[in-house]
Structures are given as C-alpha cells and as structure tokens.
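A.B. asks: Pasting a structure below so you can have a look.
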Ligand SMILES: [Fe+2]
C-alpha cells in the first residue's frame, strides 16, 4: 500500500495537532474516547440488526444502554475540566465498526451469531485499552473524579467482554 492509499481525509492528519502537555494529551484522548463510544453505539445497533437469537441481541442491547451511560460519564468529565465534549474522529474505532459490519455481511446465517459476538468482543477489547490509558493519564493529572468515572466505564467494558466471550463459547 502506498502513502496515497493510506491517507484518509475523514481523520486529522498526523502532526496536525500540537500536543505539548499532559492535560492536552488527556483532553485529546478523552475526545477520542467519546468518538469511540459513538462508534461503538452505532456498531452495536448494526450488530443487533444482524438477526441473531435473543440472548445475543439482549446482550448487545444491554450494552448499548451502558454505552449511553458511558457517554454521559465522559460528558461529565469534559464539564469538570471546563472543556467542550467534542469527539475526535477515530480511525481505529471507525475501522473496528466497519470491520464488524463487513464480517457479519460476509458470513452465512449459520456463522452469523459467532461473527457478531467476535466483532463485539474485538470492539470491547479496544475500549478496555483506551480506558486503561485514560485512567493512567487521569491519575498522573491528579484528576481523581475523572479517574473514578473512567473506572466505571472500564468496569462495564470488562464485564461486557467477559459476557460476550462466554456467549461465544456457548454458541460455538
Ligand atoms: Fe463498550
């Protein structure tokens, strides 16, 4: 793949942002997390539309509700630090969403539930890493309230990841 193919105008160009302080880095990662949760919410709706059995669609629906709470938690952190809750478009979470959608479309009906669960599990794994990084930055900033809210989000992602994995084992 050459450089022209790698360029994507939907996302900020590398080097276009001038991040110099821990606070700026935290704010940027927080914005990226907000975009991630919007992508996750849209991805969960797409996966739920794949027509899988109730146990799986209920699990995805429950986590969609949790994801809305997580967006609220992120908005509370933005308010606490006096910043606008502006999502930073994320090539990673947009790509994870697209990959999940493509995988499900590529699968025959008998493989579809496994594909849905595997795609959702991949998304949760990415979200877990994102929150672990943000919590570490918040702790370094001595932003204890932010760290607590981020821990709530992380706990839901970890719990959901486990539930998806267990469901995948049952289906497989
Ligand atoms: Fe999630």
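A.B. asks: If you take the residues of region 131-146 that are in contact with a helix residue (DSSP H, G or I) (Cβ under 6 Å, 6 or more places away or on another chain) and within 16 Å of the ligand (Cβ to nearest atom), which of them is farthest from residue 91 (Cα to Cα)?
C.D. replies: 135
A.B. asks: Of the residues 149, 154, 164, which is more than 13 Å from the ligand (Cβ to nearest atom) and either buried (at least 20 other Cβ atoms within 10 Å of the Cβ) or under 30 Å from residue 81 (Cβ atoms) (or both)?
C.D. replies: Only one candidate qualifies: 149.
A.B. asks: Checking residue 128 against (1) more than 17 Å from residue 52 (Cβ to Cβ); (2) away from the ligand (no atom under 14 Å from the Cβ), only one condition comes out false. Which one?
C.D. replies: (2)
A.B. asks: When residues of region 91-142 are filtered for being without any contact (Cβ under 8 Å) to a residue 40 or more places away in the chain and within 19 Å of residue 27 (Cβ to Cβ), how many remain?
C.D. replies: Looking only at that region, the number is 6.
A.B. asks: Could you tell me how many of the residues in region 49-68 are part of a helix (DSSP H, G or I), closer than 22 Å to residue 165 by Cβ and in contact with a helix residue (DSSP H, G or I) (Cβ under 9 Å, 6 or more places away or on another chain)? Full working, then the answer.
C.D. replies: Start the filter on region 49-68 by keeping residues that are part of a helix (DSSP H, G or I), which leaves 54-68.
Still in the running and closer than 22 Å to residue 165 by Cβ: 54-67.
Filter again for in contact with a helix residue (DSSP H, G or I) (Cβ under 9 Å, 6 or more places away or on another chain), leaving 55-57, 59-64, 66-67.
Looking only at that region, the number is 11.
A.B. asks: To continue, here is another question. State whether the residues of region 78-89 include one that is modelled with pLDDT of 95 or more, in a helix (DSSP H, G or I) and either in contact with a strand residue (DSSP E or B) (Cβ under 7 Å, 6 or more places away or on another chain) or surrounded by 14 or more Cβ atoms within 10 Å (Cβ to Cβ) (or both).
C.D. replies: yes
A.B. asks: Right, here's the next one. List pairs: first in region 143-172 and touching a residue at least 12 places away in the same chain (Cβ under 8 Å) and closer than 14 Å to residue 59 by Cα, second assigned to a helix (DSSP H, G or I) and away from the ligand (no atom under 12 Å from the Cβ), Cβ under 6 Å, 6+ apart or cross-chain?
C.D. replies: 164/117; 167/117; 168/117; 171/113; 171/114
A.B. asks: Looking at 116, 104 in this structure, which one is assigned to a helix (DSSP H, G or I), farther than 21 Å from residue 131 by Cα, more than 16 Å from the ligand (Cβ to nearest atom) and under 19 Å from the mean Cα position of the chain (by Cα)? Full working, then the answer.
C.D. replies: On the way: 116 fails: more than 16 Å from the ligand (Cβ to nearest atom).
Result of the check over 116, 104: 104.
A.B. asks: Pick from region 8-34 the residues that are loosely packed, with under 11 Cβ neighbours inside 10 Å and over 30 Å from residue 144 (Cβ atoms): which of them is modelled with the lowest pLDDT?
C.D. replies: Checked region 8-34; the qualifying residue modelled with the lowest pLDDT is 9.
The values are calculated or read from the model by the stated rules, or taken from the named source; none is laboratory data. If you're wondering where the values come from, they're calculated on a predicted model, not measured in any experiment. A quick note on method: Cβ atoms are made from the backbone with ideal geometry, for glycine too, and the neighbour counts reach across all protein chains shown.
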